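Engineer: The structure is given below, and queries will be raised subsequently.
The values are calculated or read from the model by the stated rules, or taken from the named source; none is laboratory data. Quick caveat, the model's predicted, so the values are computed rather than measured. Please note: Cβ atoms are built from the backbone with ideal geometry, for glycine as well, and neighbour counts cover all protein chains shown. Keep in mind that these areas ignore ligands, DNA and RNA; they rest on the heavy atoms of the full protein, side chains included. Shrake-Rupley method; radii C 1.70, N 1.55, O 1.52, S 1.80 Å.
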Amino acid sequence: MAATLCAKLLPKQGGWLPLMQSVRHGSKAVTRRRKPMHFNKQKLFAVTEYIPPKPGPPPGAYPSQIKRVVEETALVKLLKRNVQETFQSCKMIAVVQNNSCNSEDMLVLRNRLFKHDIKVKFFPNQVVRSFLAAGVYSNMSPLFIGHTLMLVSKEPKVKEMLSVLRTSPQITLLGGCVENTLLSVQGLQHFSKLPAMSVVQGQLVSGLTMLTSQTASMLQRHPAHLSALLQQYVTQQSPDSGSEEAQNSETSS
């Protein structure tokens, strides 16, 4: 429309222009909105997004940290030596936790355990852990947390120890080591149900004796039977035996 008006109003300049002229305007570009990303995909991109590490301080900005080596005192060395002697001389070492047990109950517990030759010992947890970390008993270090006690004995008297601990609910059994074998509470209960060593040795000896006696009787059976047959054959072949048989037949007739 604007082109038509301009053609009518403006004069002709050096050429002929039509009275009406149609001008075609170009259409606008089609713009589509971007489809929103799925929520799970957004989470995946957020999780897998690369996060560059923060730059550290330049070298020399902080002073170097010097580790201080603390020397062990004479008391700590003495306690370590006592712990080492305990683990070497005792076949049963049980770890229990003391849950607010008063002095009277502890004295009664000590007396009951002493009747079965079981002693109660206390060592600081730091000393025991430092000793266990450098030895073969390193797996026992998690047991020494809090107020713990050690029940030690030169012989594995697990059954007697469990019977005494049932009477004192303030003492909780955590685990132990019996004959260089680390056992849990359930393992100690199973170990207490096993027969004594003397009973097992007696059963083994009786079984071996029975087998040897049966073997000896089987080996002697055939020679004895053979000797009896040979002796009977000899008596039958001797002349005295023939006359005796004839006399016996005459007397019987």
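Engineer: Please report, in debye to the nearest 20, how large the charge dipole of the range 86-182 is about its Cα centre when each Lys and Arg carries +1 at its beta carbon and each Asp and Glu carries -1 there. Mind showing how you got there, number by number?
Structural biologist: On the way: 11 positive and 6 negative charges, 26 e Å.
I would put it at about 120 debye.
Engineer: Leaving out ligands, DNA and RNA, what percent of the accessible area of the range 49-198 is carbon and sulfur, probe 1.4 Å? Write out the running numbers ahead of the final one.
Structural biologist: Numbers: 5840 of 10410 Å².
After summing per-atom areas, the C and S share lands at 56 percent.
Engineer: In addition: Which whole-Hz couplings ³J(HN,Hα) result when phi for each residue of the range 82-91 is put into the Karplus expression 6.51 cos²θ - 1.76 cosθ + 1.60, θ = phi - 60°, listed in order with x for Gly and Pro?
Structural biologist: 3J(HN,Hα) across the range 82-91, in whole Hz: 5, 5, 5, 5, 5, 5, 7, 8, 9, 8.
Engineer: Only sites in a loop by DSSP and with at most 12 other Cβ atoms within 10 Å count here; which trypsin sites (Lys or Arg not before Pro) in the range 65-142 make the cut? Mind showing how you got there, number by number?
Structural biologist: Working: sites: LYS67, ARG68, LYS77, LYS80, ARG81, LYS91, ARG110, ARG112, LYS115, LYS119, LYS121, ARG129; in loops: LYS67, ARG68, LYS91.
The qualifying sites are LYS67, ARG68.
Engineer: So, one more: Taking square-rooted eigenvalues a ≥ b ≥ c of the alpha carbon gyration tensor, is the range 142-196 rounded, prolate or oblate, where a/c under 1.5 means rounded and, failing that, a/b exceeding b/c means prolate? All intermediate terms of the calculation are to be shown ahead of the outcome.
Structural biologist: Numbers: a/c = 1.73, a/b = 1.26, b/c = 1.37.
Oblate is the answer for the range 142-196, as a/c is 1.5 or above yet b/c matches or exceeds a/b.
Engineer: Then there's this: Which whole-Hz ³J(HN,Hα) couplings does the range 171-186 yield from phi under the Karplus relation 6.51 cos²θ - 1.76 cosθ + 1.60, θ = phi - 60°, glycine and proline marked x?
Structural biologist: For the range 171-186, the Karplus-derived couplings read 9, 10, 7, 9, x, x, 10, 10, 6, 6, 10, 6, 10, 8, 5, 5 Hz, x marking Gly and Pro.
Engineer: How would you rank 45-55, 196-206, highest first, on the average number of other Cβ atoms within 10 Å across their residues? Can you show the working numbers first?
Structural biologist: On the way: 45-55: 6.3, 196-206: 10.3.
Listed from highest to lowest mean packing, they are 196-206, 45-55.
Engineer: Nothing charged except the Cβ atoms of Lys and Arg (+1) and of Asp and Glu (-1): what's the magnitude of the dipole of the range 154-220 about its Cα centre? Round to the nearest 20 debye. Could you put the intermediate results ahead of the total?
Structural biologist: On the way: 5 positive and 3 negative charges, 32 e Å.
Dipole size: approximately 160 debye.
Engineer: Just to check I understand the Karplus step: with θ = phi - 60° and J = 6.51 cos²θ - 1.76 cosθ + 1.60, what whole-Hz values come out for the range 199-212, glycine and proline as x?
Structural biologist: Each residue of the range 199-212 in turn: 5, 5, 5, x, 4, 5, 5, 5, x, 5, 5, 5, 5, 5 Hz.
Engineer: Could you please put PHE123, PHE191 in sequence from largest to smallest accessible area, using a 1.4 Å probe?
Structural biologist: Details: PHE123 20, PHE191 65 Å².
Correct descending sequence by accessible area is PHE191, PHE123.
Engineer: On the full set of protein chains, 1.4 Å probe, figure out the accessible area of LEU229 and give it in Å² to the nearest 10.
Structural biologist: Solvent-accessible area, nearest 10 Å²: 90 Å².
Engineer: Of all GluC sites (Glu not before Pro) in the range 93-189, which ones are in loop regions per DSSP and have a Cβ with at most 12 other Cβ atoms within 10 Å? Write out the running numbers ahead of the final one.
Structural biologist: Details: sites: GLU104, GLU160, GLU179; in loops: GLU179.
Passing both the DSSP loop test and the Cβ count: GLU179.
Engineer: Any idea of the accessible area per residue across the range 86-204, 1.4 Å probe, to the nearest Å²?
Structural biologist: Ligands and nucleic acids excluded, the result is 58 Å² per residue.
Engineer: Right, next: Determine Rg/Rh for the range 182-224; Rg is computed over alpha-carbon atoms and Rh is the Kirkwood hydrodynamic estimate from the same atoms. Walk me through the intermediate numbers first.
Structural biologist: Working: Rg = 18.5 Å, Rh = 13.2 Å.
Result for the range 182-224 is an Rg/Rh of 1.40.
Engineer: Mind listing the long-range amide H neighbours of LEU174? Cut-off is under 5 Å, sequence gap 5 or more, other chains count too, H placed in the peptide plane at 1.01 Å from N.
Structural biologist: Those qualifying (amide H under 5 Å, at least 5 residues apart or on another chain) are VAL95, VAL96, GLN97.
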